[in-house]
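Bear in mind that the values in this text are calculations on the coordinates, not laboratory data. These numbers come from a predicted model, not from an experiment. Using ideal geometry, Cβ is built from the backbone for each residue, glycine included, and neighbour counts are taken over all protein chains shown.
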Amino acid sequence: MTDRPVAFITAGAGAGIGAAVSRRLAGDGYDVVVTDAHERRCGEMADNLAADHGRPFLSIPLDVTDRDAVADAVGTALGHHGHIDALVNNAGWSKIEPVAEMSFETWQRCLDVDLTGTFTCLRQVLPHMIERGSGAVVNIASIAAWETTDEHGAAYSAAKAGVMALTRVAAAENGRHGIRVNAIAPGLIYNDFLRRIYPDEFFDGYAQSRSLVGRVGRPEDVADLAAFLLSDRAGYITGEVYGVSGGAGPHA
Ligand SMILES: NC(=O)c1ccc[n+]([C@@H]2O[C@H](COP(=O)([O-])OP(=O)(O)OC[C@H]3O[C@@H](n4cnc5c(N)ncnc54)[C@H](O)[C@@H]3O)[C@@H](O)[C@H]2O)c1
């Protein structure tokens, strides 16, 4: 056990935002608890952080749709470190199907991962933070919640809108317990996995027509804001949703 701040992150071992947040918080001195549904990558991320920083990191394979597993993982993190100071709800899933054709499985899976997964982690971590009288949470939403477009699929947009509402209410309920809850709404953030799915024109189109700064986002763009929002420097900021989209998102 150390007196470092402890950050619990979901989907922290992929190719995108979660991994960047894990690396950034480790660099900022957190004991990062890396969780991810992908068991091998989860362990590898913790190993890589350990190699980079010369201290061990806890990894826990975790699918956020498994309610019992979330409770166990939070218990394991608390047993290991004694406290959790920061929670980053990064796990997300989407499948784009028009509403008129969407399978109920797609709708339910998206709600389960993106919205209920966020709730489940909050539900497990908040009582601990309330008991300690401190904590900070960042939920990863999306500008999809703000847009009038068929690009993201209604299940994803609705789930991310729900994450924003959940963020505001959780902030309202817990500010007096010393806990801040904010959300980030990324626009298009490049990662190697998306790169394998989408053609170059997809990224170029966003960079040229939507982004005001002529490029798509990097995972580090989101990690920088997450690190700030989790820090004491953001002590007067709670219940907010911030776009990180190169200015592309309508802000509502
Ligand atoms: N990449 C973008 O352009 C973009 C834009 C807006 C919002 N977001 C949101 O940002 C978050 C991170 O997305 P990313 O694209 O940077 O990828 P990422 O690499 O951070 O996340 C992918 C990881 O999520 C894990 N994962 C998937 N389902 C899971 C589950 N049920 N439980 C736990 N882990 C699970 C996978 O194993 C993978 O390692 C998501 O919530 C996504 O909706 C991404």
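For this structure, a couple of remarks:
- Order by protection proxy (mean Cβ within 10 Å, highest first), peptides 152-159, 6-13: 6-13, 152-159
- The translational diffusion coefficient of the chain, from Stokes-Einstein at 4 °C and 1.567 mPa s with a Kirkwood hydrodynamic radius over alpha carbon pairs, comes to 71 µm²/s.
- Once the Cα gyration tensor of segment 1-138 is diagonalised, semi-axes √(5λ) in Å: 27, 17, 12
- Max mean-square fluctuation residue, GNM over the chain, Cα-Cα springs under 10 Å, options Phe104, Phe228, Phe119: Phe104
- For Gly243, residues with placed amide H under 5 Å, excluding near neighbours: Ala185
- Taking other C-beta atoms within 10 angstrom as a stand-in for reagent exposure, Thr149, Thr120, Thr35, Thr167 fall in the order Thr149, Thr120, Thr167, Thr35, fewest first.
- Of all the options Gly43, Gly82, Gly14, the one that moves most in a Gaussian network model of the chain with Cα springs shorter than 10 angstrom is Gly82.
- Fewest-first ranking of Arg23, Arg109, Arg180, Arg40, using other Cβ atoms within 10 Å as the exposure measure: Arg40, Arg109, Arg23, Arg180
- Taking the chain as a Gaussian network of alpha-carbon nodes connected by springs under 10 Å, the highest mean-square fluctuation of the residues Asn48, Asn182, Asn139 belongs to Asn48.
- Cα-Cα separations in segment 112-175 greater than 15 Å, expressed as whole percent: 52 percent
- Computed across segment 128-250, the Kirkwood radius stands at 15.4 Å (inverse of mean 1/r, all Cα pairs).
- Taking the Cα centre of the chain as reference, the dipole from Cβ charges on Lys and Arg (+1) and Asp and Glu (-1) amounts to some 520 debye.
- For Thr238, Thr148, order by how many other beta-carbon atoms lie within 10 Å, fewest first: Thr148, Thr238
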